[in-house]
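Worksheet: one structure, shown below.
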Amino acid sequence: MAEEKILAAGEGQRLDIAGGHTEIKLTGDDTGGHYSLVEHTVAPRFPGPPPHMHRIYSQVFSIIEGTVTFRLGERTVHVSAGSVVHVPVGMAHTFSNPGDEPARMLEIDAPGGFEGYFEELAAAFPAGTVVDRAIVAEIQSRYDTQPA
C-alpha cells in the first residue's frame, strides 16, 4: 500500500532536460502504480516532442504559469495558467512553448511509470546538449510512445 507523501515547492527529483526542468513529484511506486505526477518548466521557444500517442497512458496537463501550445489530433490550442488539458489514450498530441517566457505545468500520467521517460531524457540530454530525435524515439519506444 502506498504511503502519504508531502512535498514543498521545489521538492522532488529535479531533472534538467535540454534547457528545461522537470521535477518528479510522485512516482508510480508512490501511488501504488495508479499514476505519476511531474512538474515541468518549459523553456522559451521549446519546440516540443515529436507528435506521438500512447496506447496505455492517459495524460492530464495543468498549466500553472505562462502559455503552452498543444496539438491534439488535428486541433491546435493555446492554453494559459489555470487551464487543464486531458489527452486520452490513443490521441496523437504534442506541446510546445513558442513564447519568450518559460511556462510551468503539472503532468499526471495514468497509470504510473511514465516518469522513467523523463529520467532517461535527462541522462541523454543534459543542459546545453542538442536533442537528437533518433535518441528521443528510442527512449519513447520504451515508454508506450509511438509516432503519430
Out of residues 5 or more away from A148 or on other chains, whose amide H comes under 5 Å of its own, with H placed 1.01 Å from N in the peptide plane?
H52, M53
Taking the Cβ of D29 as the center, what net charge do the other residues with Cβ under 12 Å away carry, scoring Lys and Arg +1 and Asp and Glu -1?
-2
Return E107, E3, E65 ranked ascending by Cβ neighbour count within 10 Å, so the fewest neighbours appear first.
E3, E65, E107
Listing T31, T76, T145 by rising number of other beta-carbon atoms within 10 angstrom, fewest first, gives T76, T31, T145
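Need one number: convex hull volume per residue for region 13-147, Cα atoms only, in Å³.
Values: hull volume 12.7 nm³, N = 135.
Per residue, the Cα convex hull of region 13-147 comes to 94 Å³.
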Listed with the fewest Cβ neighbours within 10 Å leading, I64, I108, I139 appear as I64, I139, I108
Note, ³J(HN,Hα) from phi for region 134-142, Karplus 6.51, -1.76, 1.60, rounded to Hz, x at Gly and Pro:
5, 5, 4, 4, 5, 5, 4, 4, 8
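Per residue of the chain, what 222 nm ellipticity follows from adding -39500 (n - 2.57) for every DSSP H run with n ≥ 4, rounded to the nearest 500? Intermediate values should be presented prior to the final figure.
Values: 2 runs with 19 residues, N = 148.
So the calculated ellipticity at 222 nm is -3500 deg cm²/dmol.
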The answer for G66, listing residues at least 5 apart or on another chain whose modeled amide H is closer than 5 Å to its amide H, is A81, R104
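Every number in this text was worked out from the coordinates using simple rules, so none of it is lab data. On a predicted model such as this, the values are computed, not experimentally measured, just so you know. No Cβ is skipped: glycine too gets one built from the backbone with ideal geometry, and neighbour counts run over all protein chains shown.
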